[in-house]
Amino acid sequence: MHRFVVLILVALLVAGSSLCAQQKGPRLLVVQPVFDYGFVPDSSKVAHTYWLNNIGTDSLKVFSVEVTCGCTKASVDRGVVAVNDSMPLEVVFDNLNRLKKQTRTTTVLSNDPASSKYEVSFRCFTYVTGEPTGPVAITKNKRLRLTTLDQGKDVVVTIKNVSKEPLEAKLIAYPSELVSVELPQGALAPGTKGDILVRVKSEIKNKNQLKSFTFEMSDAVRSRYTIPIRMSEPISALKRPEKGL
């Protein structure tokens, strides 16, 4: 019996040593490598930020990123991610002339010996005006086109529960550097409307941005909806002549 226990302990030590050996070096991990935008209005651009985490024992070097379609752009700081640190990877999708179900993949090239080509992806359903969008219809501001004149102001997105059951909304992702988002409180009764309050930050460093926010309803399939946000300078500011001219 004693010998049997000793053999088990030895086996566990060997397995533990093997596991530690496997974990040495840089290791890339994305906690949520697949993102679901849900319903997205046509002729718009949406964005999502993935976080590239280094959970290894050595520095992670990100060389480049590759996309599978010209409709997708990926932006990442090519460089070194220290151990237990992370780096943002922003992926922007242009769904112009791309309707119904869409899926795209972005590949991160790094010095991770186990996953030198690490894939992240997203999916969505692009709809046109008047097309059914599950249990909720967006009746006001399905896209947000903002300018720097909107800084510090509130914008309202209105949704309507077109299902036969009460539904609650849950915020999934939003660009905190640009806006804050307040969803309707409590359940939205069938046939009623609710307002989503979008507060634009009063001070915005980047005057031209393509972002979006995503929320999820409490129906059986957890339907998601994404509101594209475009921030730009007003045309009057762009055309303003320089002093002295």
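Identify all aspartates and glutamates with a Cα-Cα distance to LYS211 below 14 Å; exclude those on the same chain that are fewer than 8 residues away in sequence.
GLU90, ASP94, GLU177
Under a point-charge model restricted to the Cβ atoms of Lys and Arg (+1) and Asp and Glu (-1), what is the dipole moment magnitude of the stretch 28-127 relative to its Cα centre, in debye to the nearest 20?
Here the size comes out at about 400 debye.
By DSSP, what percent of the beta bridges with both residues in the chain are antiparallel, rounded to the nearest 5?
Roughly 85 percent of the DSSP beta bridges within the chain come out antiparallel.
Helix 2-23 versus the longest principal axis of the chain: what angle, 0 to 90°, nearest 10, using Cα atoms?
Value to nearest ten degrees: 50.
At 222 nm, what value in deg cm²/dmol follows for the chain if DSSP H runs of at least 4 each add -39500 (n - 2.57) and the sum is divided by all its residues, to the nearest 500?
The per-residue figure over the chain is -3500 deg cm²/dmol.
Given the options ILE227, ILE159, ILE235, which has the most mean-square fluctuation in a GNM of the chain, springs set between C-alpha atoms less than 10 angstrom apart?
Among ILE227, ILE159, ILE235, the largest mean-square fluctuation in the Gaussian network model of the chain belongs to ILE235.
Using a Gaussian network for the chain with springs between C-alpha atoms less than 10 Å apart, which of these wobbles most: GLY130, GLY25, GLY38?
Among GLY130, GLY25, GLY38, the largest mean-square fluctuation in the Gaussian network model of the chain belongs to GLY130.
Would you mind telling me which residue in GLN151, GLN32, GLN209 has the biggest mean-square fluctuation in a Gaussian network model of the chain, where springs connect alpha carbons within a distance under 10 angstrom?
Looking only at GLN151, GLN32, GLN209, the biggest GNM fluctuation is shown by GLN32.
Distance cut-off 25 Å, Cα to Cα: go down the list LYS101/LYS140; LYS101/LYS205; LYS117/LYS205; LYS160/LYS205 and report the pairs above it.
Long pairs (Cα-Cα over 25 Å): LYS101/LYS205; LYS117/LYS205; LYS160/LYS205.
Can you return the aspartates and glutamates within cross-link range of LYS24? Criterion is Cα-Cα under 20 Å, with same-chain partners fewer than 8 residues away left out.
ASP58, ASP85, ASP112
State, as an integer percentage, the relative contact order of the chain based on alpha-carbon contacts under 8 Å between residues 6 or more apart.
Reported as a whole number, the value is 19 percent.
Taking the Cα-to-Cβ direction at ALA189 and at ARG123 and moving 7 Å from each Cα, how far apart do the two end points lie in nm?
3.6 nm
At CYS71 and GLU182, where each label point lies 7 Å from the Cα along Cα→Cβ, what is the point-to-point distance in nanometres?
With each label point 7 Å from Cα toward Cβ, the separation is 3.6 nm.
Could you order the peptides 191-202, 84-95 from most to least packed, using the average number of other C-beta atoms within 10 Å per residue?
By packing density, highest mean first, the sequence is 84-95, 191-202.
Quick note: the coordinates plus some simple rules give every number you see, no bench work behind them. Everything numeric here is computed off the predicted structure, so don't read it as measured data. We place every Cβ from the backbone using ideal geometry, glycine too, and count neighbours over all the protein chains shown.
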